Amino acid sequence: MRQFLFFVKKEFLHVLRDPRTMFILFAMPVMQILIFGFALTNEVKNTRIGILDNSRDEASAQLIARLEASRYFDIVTQVDKNENLEATFRKGEVKLVVVIPPSFQESLFHRNDAAVQLVADATDPNTANTLANYATAIIMDYQQDLRNQLKLPYSINTELRMLYNPQLKGSYNFVPGVMAMVLMLVCAMMTSISIVKEREIGTMEVILVSPIVPLRVIIAKMVPYFMLSAGNIASILLLSVYVLDVPIQGSLLLLVSECLLFTITALYLGLLISTIAASQQIAMLISLMGLFLPTIMLSGFMFPVENMPVPLQVISNIVPSKWFYYLVRSIMIKGLGFEHVWKETLILEGMMVFLLVVSIRKFKFRLE
Amino acid sequence: MNPKAISVEALTKRFGSFTAVDAITFDVAQGEIFGFLGANGAGKTTAMRMLCGLSFPTSGKATVAGFDLYKQAEKIKQRIGYMSQKFSLYEDLTVRENIRFYGGIYGLSDAAIKAKTQDMLTGLHMQSEANTLVRSLPLGWRQKLSFSVSLVHDPNIVFLDEPTGGVDPITRREFWMLIYEAAHRGTTVFVTTHYMDEAEYCNRVSIMVDGRVDALGSPQELKTRFSAEDMGEVFLKLARKAQRGDE
């Protein structure tokens with residue numbers, strides 16, 4: 001035990017003395033959370049739009065007031081005629097223009113064929129789509145209210161509810177993803193590099209000649225990264241709750257347990273990489289290509305797994321991040337309890353045990 | 001108590017069809033400085049790795065510090081020190097932290113580590129460098145420190161794998177002074193080297209060619225037997241018959 005503590009202490013010194021490691025450990029999670037949370041968001045908030053009101057009657061004024069009142073849109077310009085529409089977009093003033101046809105009120109109340117045109121800047125198709133959807137929702141909402149007032153006998157009320165994320169916030173998606181990315185990076189990459197480094201500089205041989213049991217060496221190497229990851233989990237959760245306003249709906253205990261489970265899985269992945277990588281650069285490359293990329297591409301964090309081609313969907317099943325991402329989303333955002341996520345938890349646990357067995361075997365083999 | 005520090009009988013290591021070490025047999029006496037020579041690829045590193053417990057022998061018998069290589073590996077580990085070909089200290093730790101760490105993994109008490117640190121720093125005249133990162137020490141100092149650290153737990157035997165590679169002649173001489181001191185205190189020194197002048201400093205040397213020990217004796221004996229001027233000539237006469245090239 002004493003030997004073990006000496007080893008852990010030494011590992012901490014390595015971590016604390018290396019500025020790059022410290023950066024990856026502490027600055028990166030915070031930066032990623034903030035960048036993904038604020039800058040890289042596709043949510044709509046105070047988007048600048050324009051209005052081309054050809055009708056100028058009571059109904060059009062009501063509709064415009066509704067658009068104005070929503071927190072999604074800011075009306076920054078009134079376009080005076082159709083010819084000037086494109087010029088407004090060219091100047092980049094607005095992303096969307098709502099065009100109200102002449103005699104809007106008349107057609108709305110009497111001819112029953114009112115049409116509103118939405119013109120969106122589709123240079124960024126996703127944003128254009130989202131904006132159009134939001135505007136449509138507001139217009140539908142207005143129409144609904146009118147119908148209720150007029151007590152029309154036949155009308156279908158459609159009500160749209162965005163479950164679990166009513167404000168359609170991007171950060172709901174990013175927080176679990178960033179967590180998976182950071183833990184992969186810290187645990188798997190840093191651990192594999194630190195083990196390979198000992199082999200590269202020759203200290204591993206000296207340690208293996210010494211009486212310390214190799215298994216303890218491995219555990220001692222993991223302890224600091226495990227503890228630092230626990231710190232990272234805490235800081236990410238705190239940031240998401242207090243800075244990004246992403247609440248933790250489910251049980252905190254369950255959430256943290258799943259995070260720690262994933263952390264240990266990632267540590268074993270790092271150990272496995274260290275047994276195949278000949279140098280620190282190769283360890284880093286394998287970690288980035290083999291772990292980091294799948295975490296981003298195949299976990300469902302950037303692209304929904306259901307939309308992928310079938311072969312990729314199959315491959316995504318062996319990516320631990322996919323399961324972790326699912327678990328965090330289910331527990332943190334949906335508030336599901338253990339009875340709903342035990343299957344996924346079991347899969348992750350299975351992966352952990354498998355990786356442990358394989359990597360310990362491979363590691364022992366290297367000593368011969 | 002076995003007066004022999006190391007006793008090896010028909011020790012063999014095969015990697016597939018390749019026999020790296022071919023039934024070598026020799027003894028090393030307690031307190032002896034034993035030079036283990038051979039060209040690159042002759043099998044000396046593999047042989048040494050087996051004696052240190054880093055590699056498992058294919059067949060043959062061996063005892064190290066009186067313990068069986070197969071059955072008592074853990075006891076052997078407590079009693080041997082090892083300095084690898086590569087540099088075996090942590091560059092991002094200070095001199096004191098390195099000593100502490102290696103003392104710690106050999107199970108020394110805090111008091112013993114303290115005393116050892118003092119001894120070592122005084123012996124190496126490095127008191128003022130105790131809190132310097134090893135990275136910023138000159139190579140020669142690091143090498144000497146590395147040797148002292150391999151002796152931190154007062155081992156019976158210390159294995160040195162080409163300890164003076166890339167070191168200037170003056171430092172090499174100083175390094176050998178340290179080896180003599182250790183031998184004088186009763187530590188058996190098992191050293192591989194490529195420098196033939198260093199072979200002259202050993203009590204006895206063995207020369208490996210193609211996985212076998214082709215010559216064994218004191219430098220004086222070998223020079224007489226091969227009617228050579230110095231150890232370099234002895235080595236060349238033996239190594240020329242080698243079938244294997246470089247690794």
For this session: Being open to solvent by 30 Å² or more (accessible area, probe 1.4 Å) and on the phi < 0 side of the Ramachandran plot is the filter here, so list the residues in the range B:56-72 that pass it.
Result: B:Phe56, B:Thr58, B:Ser59, B:Lys61, B:Thr63, B:Phe67, B:Asp68, B:Tyr70, B:Lys71, B:Gln72
Exercise. Do any residues in the range B:15-36 that are assigned to a strand (DSSP E or B) have Cβ atoms under 7 Å from those of residues that are open to solvent by 50 Å² or more (accessible area, probe 1.4 Å) and polar (S, T, N, Q), where the two are at least six apart or on different chains, and which pairs are they?
Worked result: B:Ile33/B:Asn203; B:Phe34/B:Asn203
Seminar exercise, completed: (1) more than 14 Å from chain B (Cβ to nearest Cβ); (2) more than 17 Å from A:Phe324 (Cβ to Cβ) all hold for A:Leu261 apart from (2)
Exercise. Does any residue of the range B:97-118 turn out to be of a type in the set (Gly, Ala, Ser), touching a residue at least 40 places away in the same chain (Cβ under 8 Å), within 25 Å of A:Pro214 (Cβ to Cβ) and crowded, with 20+ Cβ neighbours inside 10 Å?
Worked result: yes
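Kindly indicate whether any position in the range B:239-247 is farther than 22 Å from B:Ser84 by Cα and within 22 Å of the chain's Cα centre (by Cα).
Yes: the range B:239-247 contains one or more residues that are farther than 22 Å from B:Ser84 by Cα and within 22 Å of the chain's Cα centre (by Cα).
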Exercise. Is it fair to say A:Leu267 is over 21 Å from A:Phe338 (Cα atoms) and outside any loop (DSSP other than H, G, I, E, B)?
Worked result: yes
Problem set entry | Failed criterion for B:Ser206 (all others in (1) of a type in the set (Ser, Thr, Tyr); (2) open to solvent by 40 Å² or more (accessible area, probe 1.4 Å); (3) modelled with pLDDT of 90 or more hold) | (2)
For this session: Can you tell me which residue among A:Ala132, A:Ala137, A:Ala114 is assigned to a loop (DSSP other than H, G, I, E, B), modelled with pLDDT of 75 or more and closer than 23 Å to A:Ile51 by Cβ?
Result: A:Ala114
Exercise. Among the residues of the range B:39-71, which ones are under 25 Å from B:Tyr102 (Cα atoms), within 12 Å of chain A (Cβ to nearest Cβ) and in a loop (DSSP other than H, G, I, E, B)?
Worked result: B:Gly53, B:Leu54, B:Ser55, B:Phe56
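Closer than 17 Å to B:Phe87 by Cβ, touching a strand residue (DSSP E or B) at 6+ places or on another chain (Cβ under 9 Å), at pLDDT below 95 and away from chain A (no Cβ under 13 Å), is that true of B:Glu162?
Values: closer than 17 Å to B:Phe87 by Cβ: yes; touching a strand residue (DSSP E or B) at 6+ places or on another chain (Cβ under 9 Å): yes; at pLDDT below 95: yes; away from chain A (no Cβ under 13 Å): no.
Criteria not met by B:Glu162.
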For this session: List every residue pair whose Cβ atoms sit under 6 Å apart, with the two residues 6 or more apart in sequence or on different chains, where the first one lies in the range A:123-147 and is closer than 15 Å to A:Gln62 by Cα and the second, anywhere, is open to solvent by less than 70 Å² (accessible area, probe 1.4 Å) and at pLDDT 80 or above.
Result: A:Ala135/A:Leu118; A:Ile138/A:Leu67; A:Ile138/A:Ser70; A:Ile139/A:Val116; A:Tyr142/A:Leu63
For this session: Output the number of residues of the range A:338-350 satisfying the condition of being touching a Leu at 6+ places or on another chain (Cβ under 7 Å) and among the small types (Gly, Ala, Ser).
Result: 0
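The values are calculated or read from the model by the stated rules, or taken from the named source; none is laboratory data. These figures come from a predicted structure and were not determined experimentally. As a convention, Cβ positions derive from the backbone with ideal geometry for all residues, glycine included, and neighbour counts pool all protein chains shown. Note: areas computed on protein heavy atoms with side chains; ligands, DNA, RNA excluded. Shrake-Rupley method; radii C 1.70, N 1.55, O 1.52, S 1.80 Å.
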